[in-house]
Amino acid sequence: MKKLPISILLIAFLCIAVFRSQAQNKIPPPKSLPAQRFTGTIVIDGELSDSAWKTAPLATDFIEFRPTPFAKETKTNRTEMYMLYSNDGIYIGGYCHELSKDSISTELAGRDGFGNNDFVGVIFDTYKDKTNGFEYFITPLGEQMDAKFSPNQNGNNEDFSWNAVWKCATKIKNDGWTFEIFLPLSAIRFSTKPVQDWGITLIRQRKKTSQTFSWNPVDPNVNGILTQEAFWTGLENIKPPIRLQFSPYFSSYINHYPYNDPSVSNTKTSINGGMDVKYGINQSFTLDMTLIPDFGQVQSDNQVLNLTPFEVKYNENRSFFTEGTDLFSKGDLFYSRRVGGMPMHHDEVAGQLASNEHIIDNPTESKLINAFKISGRTESKLGIGFFNAITNPMFATVGDDKNNIRRIQTAPLINYNIMVLDQSLKYNSSISFINTNTMRSGKDYDANVSALLFDFNNKKNTYE
């Protein structure tokens, strides 16, 4: 009898070992929940007493993915979630079972604040591209959290500055808590296909045990949650409503500051007015506009002593620049605080004064005339973003001891422009191009920067 060489036996053993390892770690195919339309009414009160819930498709048997991956729920903490849809929107109801009330973790944390709370939620991947989604979460006290979910070069990104208008209600029971959610079709983006399948991720967190569950199993060693989503199948003939929103404003200010110069008034008044507009061009693209905005109500910055040659980057608190900006953040090239920021020659005014002159007024912010942005993603998974903003020329006012007044320009007329193209690819991969352009009138310098970025993953999303 001929003996096989040891090397061949070793290779065969390794092949068997790899095969067995892959078989043991094999994840079952994604779960699927049929979409069921109904024509009645559901009162959003947190109770599951409406007759529609009795025949609604049920998602249960959730699987833990933190801290013990693939562990099953117990009977005392099982999760039940129901989903329905109508011509008006999407209804989600459920029961989060617990051993007693004391097992429920609750805290008032405010909108988009998870705090020390249990919560349940759903992530919709309406285009099934596994890269862009809409998240909706609620706590046992009925507080809402919502966000846009999109990938970036540093991993998955949740934009909680995005807010939609939707309803929810909860009830705390002796053995858990129940909830009901109504998402109007205006609160979500989707295609116009007559029949659609959506990706869904159903999530529950139990704070006191630090456990997070999902309906479809999630492997923490695989990149991304949307890449491991379940499916909601068979939505038929849902039509998006017109999305048009006007937000006019009116504001007035009275500022009092005692000057030592009797020729300068100690009191200054100003009246402002403008409008924000949001319009859904279609289900893929949204137009946001702001005309003569007033950001006086925005949280002010902390004072920072900067002894470096680099500018301090402050947080952006202006809603127009924080909502729907995931495309414009590609490559970290766009720093929105430069738009309407301190005039570039603000600190040079003191050096241009004559011996008998003093500064009467030197604005610390540039006046934004208008700004708009168009952003969205086509059915071929191409994200397109376009941003433009214009700021007024700014002037400092100086006077002398003879009451002569003159103005010194501290900033020219400036146009800011951004264009982004982001193509989503298979396996949570993408390739992006972004161009940022700043044009200043007069002798001040212009700026133009472009970047090409890519993010490639293997089929199993284990290597990037």
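The values are calculated or read from the model by the stated rules, or taken from the named source; none is laboratory data. Here the structure is a predicted model, which is why all the values come from computation and not from measurement. As a convention, Cβ positions derive from the backbone with ideal geometry for all residues, glycine included, and neighbour counts pool all protein chains shown.
Residue by residue, here is whether (1) part of a loop (DSSP other than H, G, I, E, B); (2) closer than 19 Å to GLY110 by Cα; (3) touching a residue at least 40 places away in the same chain (Cβ under 8 Å) holds:
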site: VAL165; (1), (2), (3): yes, yes, no
site: ALA169; (1), (2), (3): no, yes, yes
site: PHE179; (1), (2), (3): no, yes, yes
site: SER186; (1), (2), (3): no, no, yes
site: TRP198; (1), (2), (3): no, no, yes
For this session: Specify the residue that is modelled with the lowest pLDDT; the eligible residues are those in the stretch 100-138 that are farther than 26 Å from ASN77 by Cβ and of a type in the set (Val, Ile, Thr).
Result: THR131
For this session: Run down GLY376, GLY385 and say which single residue is modelled with pLDDT under 90, part of a strand (DSSP E or B), out of contact with any helix residue (DSSP H, G or I) (no Cβ under 8 Å at 6 or more places or on another chain) and buried (at least 18 other Cβ atoms within 10 Å of the Cβ).
Result: GLY376
Problem set entry | Total residues in the stretch 283-336, condition without any contact (Cβ under 8 Å) to a residue 12 or more places away in the chain and closer than 22 Å to SER430 by Cβ | 1
For this session: Would you mind telling me which numbered condition in (1) on the phi > 0 side of the Ramachandran plot; (2) exposed (fewer than 12 other Cβ atoms within 10 Å of the Cβ) THR267 fails?
Result: (1)
Seminar exercise, completed: ILE90: passes all of (1) within 22 Å of GLU64 (Cβ to Cβ); (2) crowded, with 22+ Cβ neighbours inside 10 Å; (3) touching a residue at least 40 places away in the same chain (Cβ under 8 Å) but (1)
Problem set entry | Pairs, first part of a strand (DSSP E or B) in the stretch 415-442, second surrounded by 17 or more Cβ atoms within 10 Å (Cβ to Cβ) and basic (Lys, Arg), C-beta under 6 Å, six or more apart | VAL420/LYS330; SER424/LYS381; SER432/LYS330; ILE434/LYS330
For this session: Scan the stretch 208-226 residue by residue and report those that are surrounded by 20 or more Cβ atoms within 10 Å (Cβ to Cβ), outside any loop (DSSP other than H, G, I, E, B) and either more than 22 Å from the chain's Cα centre (by Cα) or hydroxyl-bearing (Ser, Thr, Tyr) (or both).
Result: PHE213, SER214
For this session: Note down all Cβ pairs under 6 Å where the first residue falls in the stretch 93-113 and is outside the structural domain of PHE137 (by TED's automatic domain parsing), the second is at pLDDT below 95 and acidic (Asp, Glu), and they're at least six residues apart or on different chains.
Result: none
Seminar exercise, completed: Within the stretch 394-420, the count of residues that are modelled with pLDDT under 95, over 17 Å from ASN362 (Cβ atoms) and either of a type in the set (A, V, I, L, M, F, W, C) or touching a Leu at 6+ places or on another chain (Cβ under 7 Å) (or both) comes to 0
For this session: Could you check the stretch 244-356 for strands (runs of 3 or more DSSP E) lying wholly inside it with 1 or more residues that are in contact with a Lys or Arg (Cβ under 8 Å, 6 or more places away or on another chain), within 30 Å of ALA187 (Cβ to Cβ) and of a type in the set (Asp, Glu)?
Result: 285-291
Seminar exercise, completed: Of the residues in the stretch 442-458 that are surrounded by fewer than 14 Cβ atoms within 10 Å (Cβ to Cβ) and of a type in the set (D, E, K, R), the one that is farthest from LEU226 (Cα to Cα) is LYS443
Exercise. Restricting to the stretch 189-199, what's the tally of residues that are closer than 22 Å to LYS31 by Cβ and buried (at least 19 other Cβ atoms within 10 Å of the Cβ)?
Worked result: 3
Exercise. Among the residues of the stretch 274-305, which ones are among the hydrophobic types (A, V, I, L, M, F, W, C) and over 30 Å from SER380 (Cα atoms)?
Worked result: MET275, LEU291, ILE292, PHE295, VAL298, VAL304, LEU305
For this session: Tally the residues that are within 15 Å of ALA389 (Cα to Cα) and touching an Asp or Glu at 6+ places or on another chain (Cβ under 7 Å), restricting the search to the stretch 432-446.
Result: 3
Problem set entry | Selection count, the stretch 29-70, where residues are of a type in the set (Gly, Ala, Ser) and either touching a Gly at 6+ places or on another chain (Cβ under 7 Å) or surrounded by 13 or more Cβ atoms within 10 Å (Cβ to Cβ) (or both) | 6
Exercise. Do we find that ASN302 is within 26 Å of ASN388 (Cβ to Cβ) and either surrounded by 13 or more Cβ atoms within 10 Å (Cβ to Cβ) or at pLDDT below 85 (or both) in this structure?
Worked result: no
